Amino acid sequence: MQLNPHKVGFGRHETFSLRYSWLSKGFQALLEDPGVFASEDATVTLGVGRNMVHAIRFWLLAAQLMEPAGKGFQPTPVGEMIFDAKGFDPYLEDEATLWLIHWLIVTNPERATAWFWFFNRFHKPEFTSAEVATALTDFASQHLRGKTAETTLKQDASMVLRMYARSKGNTRAPLEDALDSPLSLLRLISQTPGGRTYYSHPEEREGLPLGILGFAVSELFGTMEVAQLPVEDLMYPNNECPAPGAVF
């Protein structure tokens, strides 16, 4: 959950944003075969191309639903809680699960660094895609160790916006690529009518379930190893940790 400048990840999604069926489909395949993502039959099992297999693997890891185990992967407790056959939302039908998935991705800076950065470090309420890309590039050069290609950083900046802002009906894009990510339902990022500018304003989130907020606060307490926190630490990121107020 804490940002480590030496352990960051960019560009591992194969340029595919999270799609509706991927988490449940990938998780069910994992339950049947822990080595599915390294299998030559993965494309047949998942019904997608090789690059999409890698993307599904990435999103399951980014959302902390599975973790490396030996030569394959294994479900995490939160993954089983959601997507197991007896889980509370195996087909991703409850909006509460989307809020939880959002929290799990945004608080995973090692694998989804751009997502962590955008919601916890980028605080401009209105912006263009180019401004986000420039800001992420500046952040990486000033605060992170190692080198990441500028094109990769720009792709990640664009991917964050694609996942959270509803599309404006680009008729030139393939139908499947034009479909919105499920996280766009949270309305955390929106586009202006012209589609050239985005905005993300702090506001009341009436759709955020209290239980999901409680989960986030509990994780923050556990990470910081404290029994109490000032309200400011829940509202604003501090000590390289995320803050529920910023993430939601």
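The values are calculated or read from the model by the stated rules, or taken from the named source; none is laboratory data. Not measured: the values here are computed from a predicted model. Positions of Cβ are generated from backbone atoms using ideal geometry, with glycine treated the same way; all protein chains shown enter the neighbour counts. What goes into the accessible areas is simple: the full protein's heavy atoms, side chains included, and nothing from ligands, DNA or RNA. Shrake-Rupley method; radii C 1.70, N 1.55, O 1.52, S 1.80 Å.
Data for the structure
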| quantity | calculated |
| --- | --- |
| Pairs of lysines in the stretch 18-153 (C-alpha under 29 Å apart; 8 or more residues apart or interchain) | 5 |
| Counting all C-alpha pairs of the stretch 46-103, share separated by more than 13 Å (%) | 66 percent |
| Per residue accessible area of the stretch 31-93, 1.4 Å probe, in Å² | 53 Å² |
| Global size of the stretch 120-248 as Cα Rg and Dmax, reported in angstrom | 16.7, 53 |
| Sum of -39500 (n - 2.57) over DSSP H runs of 4+, divided by residues of the chain (222 nm, nearest 500) | -13500 deg cm²/dmol |
| Accessible carbon and sulfur surface of the stretch 99-140 relative to its total accessible area, %, 1.4 Å | 52 percent |
| Rough spin-label spacing in nm, given labels placed 7 Å along Cα→Cβ, for Ala38 and Ser167 | 3.5 nm |
| Accessible surface, per residue, of the stretch 173-248 when the full set of protein chains is kept, probe 1.4 Å, Å² | 60 Å² |
| Reach of Lys154 by Cα under 16 Å, taken over aspartates and glutamates that are not fewer than 8 positions away in the same chain | Glu14, Glu131, Asp138 |
| FRET efficiency, 1/(1 + (r/R0)^6) with R0 41 Å, evaluated for Asp138 and Phe88 via beta carbons | 0.50 |
| Contour excess over end-to-end distance, with Cα ends at Glu204 and Tyr20 and 0.36 nm allotted per residue | 63.7 nm |
| Structure-derived log10 I(q)/I(0) by the Debye sum over Cα atoms at q = 0.08, 0.09, 0.11, 0.18 Å⁻¹: which label, when the choices are (1) -0.46, -0.57, -0.80, -1.30; (2) -0.30, -0.38, -0.57, -1.42; (3) -0.30, -0.38, -0.58, -1.64 | (3) |
| Selection of GluC sites (Glu not before Pro), the stretch 178-248, meeting DSSP coil and at most 16 other Cβ within 10 Å | Glu203, Glu204, Glu206, Glu225, Glu240 |
| Carbon + sulfur, % of accessible area of the stretch 32-82 - ligands and nucleic acids excluded, 1.4 Å | 50 percent |
| Peptides 25-32, 42-49, 95-102, 144-151 ordered by average Cβ neighbours within 10 Å, highest first | 95-102, 25-32, 42-49, 144-151 |
